[in-house]
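Presented below is the structure to which this report refers.
The values are calculated or read from the model by the stated rules, or taken from the named source; none is laboratory data. Being a predicted model, the structure only gives us computed values, none of them experimental. Counting neighbours? That spans all protein chains shown, and the Cβs are built from the backbone with ideal geometry, glycine included. These area figures cover heavy atoms from the full protein model, side chains too; ligands, DNA and RNA do not enter into them. Shrake-Rupley method; radii C 1.70, N 1.55, O 1.52, S 1.80 Å.
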Amino acid sequence: MKQQRHEAFLMCPPAHFEVSYVINPWMEGNVAHADLSLAQRQWRALRDGLAQVAQVREMPAAAGVPDMVFTANGGLVLEDAVVLSHFRHVERQDEEPRFKAWFESQGLRVLSMPAHIPFEGAGDALLDRQAELLWMGYGHRTDVRAAPLIAGWLEIEVQSLQLVDPRFYHLDTCFCPLAGGYLMYYPAAFDAASQKAIAARVPEHRRIVVGEEDALAFACNTVNSAGHVFLNRASPALRARLEQAGFEVHETPLSEFMKAGGAAKCLTLKLTEPRRRAANAPMRGEPKERRSA
């Protein structure tokens, strides 16, 4: 599996990981029930697998911020800029200065949301893998008012999608843009207008629709690096569909992190995000923001 590694992902070791509060439905009944030793083994398996096809950079863990292991929520990176997260729940807000300091240490230009607008980074803001487009989920953690700000700051078109199922509280729990213009997603997590917007932008033959069983196994919470996908679990039918699309599927069990509401994608933040400017796309300086509602 080892290949030349052009992409880079940020991870944070689970030295202080635990389920110590409830801020999403997955945490209910799981406070103090995570097995730290197993979580560490699962995290290392994901890291080691991903490191075969991409660079993995690590930031230090810290006591008191158990969810910092979910680096996807730290911010949204595009080229040399990062839009820093501003967490809705106070339990996660102590992560913000830690992520900011790490991003600055890497030379990234940090952009910050106004204090009254929650935004949860690459948990809710996912760059398309083919078009010059940002998909942004809202309704549970991120405020839709973040969309025009990001569109202006990053000079990119933003398609807002409304999330309606609290089990899928971040966009990356139910929606995964893949290389080659493919999209893996669970339609029932979105309102009707958002489902229509997705269908209008992604051709049917590029849409990989996930059923509820796979969705609840966090199959959409997938790390995609070139032709490789890393996920918690996939049904035989979903695995076959992904392989038919040309992807090599790597199942890496992440049961302990699912107790906190996260899996493979949540545990990583892609740091190498180039622009994908299409010939007919608007020129920089002409951002557009679309809302599905």
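Overview of values
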read-out: Strands (runs of 3 or more DSSP E) fully within region 8-102 counting 2 or more residues that are surrounded by fewer than 17 Cβ atoms within 10 Å (Cβ to Cβ) and of a type outside the set (S, T, N, Q); value: 55-58
read-out: Some residue of region 23-46 being among the hydroxyl-bearing types (Ser, Thr, Tyr) and touching a residue at least 12 places away in the same chain (Cβ under 8 Å); value: no
read-out: In region 206-215, residue surrounded by the most Cβ atoms within 10 Å (Cβ to Cβ) [restricted to those that are in contact with a strand residue (DSSP E or B) (Cβ under 8 Å, 6 or more places away or on another chain) and not in a loop (DSSP other than H, G, I, E, B)]; value: Ile208
read-out: Residue that is surrounded by the fewest Cβ atoms within 10 Å (Cβ to Cβ) [pool: residues in region 216-241 that are within 20 Å of Ala131 (Cα to Cα) and modelled with pLDDT of 95 or more]; value: Gly227
read-out: Residue count for region 180-205, restricted to those that are in contact with a Phe, Trp or Tyr (Cβ under 8 Å, 6 or more places away or on another chain), closer than 23 Å to Glu251 by Cβ and outside any strand (DSSP E or B); value: 2
read-out: Some residue of region 149-157 being open to solvent by 10 Å² or more (accessible area, probe 1.4 Å), closer than 28 Å to Gly211 by Cβ and touching a residue at least 12 places away in the same chain (Cβ under 8 Å); value: no
read-out: Residue in region 170-186 that is of a type in the set (S, T, N, Q), open to solvent by less than 20 Å² (accessible area, probe 1.4 Å) and farther than 16 Å from Val82 by Cα present; value: yes
